[in-house]
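Here's the structure, in structure tokens; my notes come after.
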Ligand code: OGA
Ligand code: MN
């Protein structure tokens, strides 16, 4: 079967039709999808009613799955709803009930609503994320994506020179602190210790440079904190202007695959203590940036 490709934004994002991801991929189709994700950065597959196992099998065509563990989340293993091959992007606890409004897990998860790149706080930040919408709210709960190539390319030569060799510290504590979450256990402080990432990165497949920003970035190495925060704010504001953003309105059984090396994303508001949003993410581990 032929794949049909429909670009959804002038800079990135394409919808791919003609594929049932439950079927094994031929090497040709696997190659085609690899080329498409390199070219478009975000691929949308509609009507994919898949099981967790099928999502894992499809994901593995594109690399090794990142395993969730307590170093990267506040959820203890015994409280997980999904296997540790998944990041649980839902608003549900292990009994499939809504998180309590004041629950620490809910508050922590709200951190997904500020611009980020997945696992930027890990030494090897994520390559791809594959998010499956198993149940979606009737209103709100979109995911917005921002392209990080074009805003970089349009920076002034002076700004490019200023940021070329800068390195940032990323931590889950920095992104959560932005939202006022200021309590972490001693163990969490140890587990969430900052990692260093370059501010400008080069995509290995295309050679294009991009801004590696995320709400997890809270410091710039050797810079005073206030100036670092100001520069990161400034760049994030530039990079998330409307012309660089695509908003995905979820339909049930959409599967969205994105390249974290050249995009940022964030969730948008919905009635998360009233409407179920069951989203399950597999993440493909990356190399050092
Ligand atoms: C993610 C993510 C935001 C959302 O899946 O990694 O940040 O809620 N999602 O759509
Ligand atoms: Mn995310």
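We did not get these values from a lab; they are worked out from the coordinates using the rules stated. What you see is a predicted model, and the numbers here were worked out from it, not measured in a lab. Virtual Cβ from ideal backbone geometry, glycine too; neighbours counted across all protein chains shown.
Rounded to the nearest 0.05, what FRET efficiency do residue 160 and residue 124 give with R0 = 30 Å and r taken as the Cβ-Cβ distance? Could you check?
Numbers: r = 26 Å, r/R0 = 0.86.
According to the calculation, E is roughly 0.70.
Using only the alpha carbon atoms of the range 226-273, find the Kirkwood hydrodynamic radius as the inverse mean reciprocal pair distance, in angstroms to one decimal. Before the final figure, lay out each step's value.
On the way: mean 1/r = 0.0740 Å⁻¹.
Computed over Cα pairs of the range 226-273, the Kirkwood hydrodynamic radius comes out at 13.5 Å.
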Would you look at the GNM of the chain, springs on alpha carbons closer than 10 Å, and say which of 114, 50, 29 moves the most?
29
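In what order do 9, 265 fall by count of nearby beta-carbon atoms within 10 Å, going from fewest to most?
On the way: 9 17, 265 23.
Sorted ascending by nearby Cβ count, the order is 9, 265.
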Decide, for the range 191-289, between rounded, prolate and oblate: order the square roots of the alpha carbon gyration tensor eigenvalues as a ≥ b ≥ c, take rounded if a/c falls under 1.5, and otherwise choose prolate if a/b is larger than b/c, else oblate.
prolate
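Which whole-number percentage describes the relative contact order of the chain, with Cα contacts under 8 Å and a sequence gap of 6 or more?
34 percent.
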Alpha carbon convex hull of the chain, volume per residue in cubic angstrom
125
For the range 82-129 and the range 234-283, what is the separation of their Cα centres, given in Å?
13
Among 272-282, 198-208, how do they line up by average Cβ neighbours within 10 Å per residue, starting with the highest?
272-282, 198-208
Here the percent of antiparallel bridges among DSSP beta bridges lying wholly in the range 4-284, to the nearest 5, is 95
Where Rh denotes the Kirkwood radius from the mean inverse Cα pair distance, what is Rg over Rh for the range 57-206?
0.98
Neighbour-count order for 258, 223, fewest beta carbons within 10 angstrom listed first
223, 258
Report Rg (one decimal) and Dmax (nearest whole number) for the range 116-164, counting Cα atoms only, units Å.
16.1, 47
Roughly how many Å is it from the Cα centre of the range 11-29 to that of the range 180-231, as a whole number?
33
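Rounded to the nearest 500 deg cm²/dmol, what is the calculated helix-only ellipticity per residue at 222 nm for the chain, with -39500 (n - 2.57) per DSSP H run of length n ≥ 4?
On the way: 8 runs with 68 residues, N = 289.
Value at 222 nm, helices only, nearest 500: -6500 deg cm²/dmol.
So how do 99-105, 132-138 stack up, highest first, on mean other-Cβ count within 10 Å? Intermediate results must be reported in sequence, preceding the final value.
Working: 99-105: 12.7, 132-138: 18.3.
For the peptides 99-105, 132-138, the packing ranking is 132-138, 99-105.
Kindly rank 182-192, 241-251 from highest to lowest mean number of other beta carbons found within 10 Å of each residue.
Working: 182-192: 12.5, 241-251: 14.5.
Going by the mean number of other Cβ atoms within 10 Å, highest first, we get 241-251, 182-192.
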So for R0 = 35 Å, FRET eff. of residue 102-residue 252 from the Cβ-Cβ r, to 0.05, ends up at 0.75
Contour minus Cα-Cα distance for residue 22 and residue 64 (0.36 nm per residue):
13.3 nm
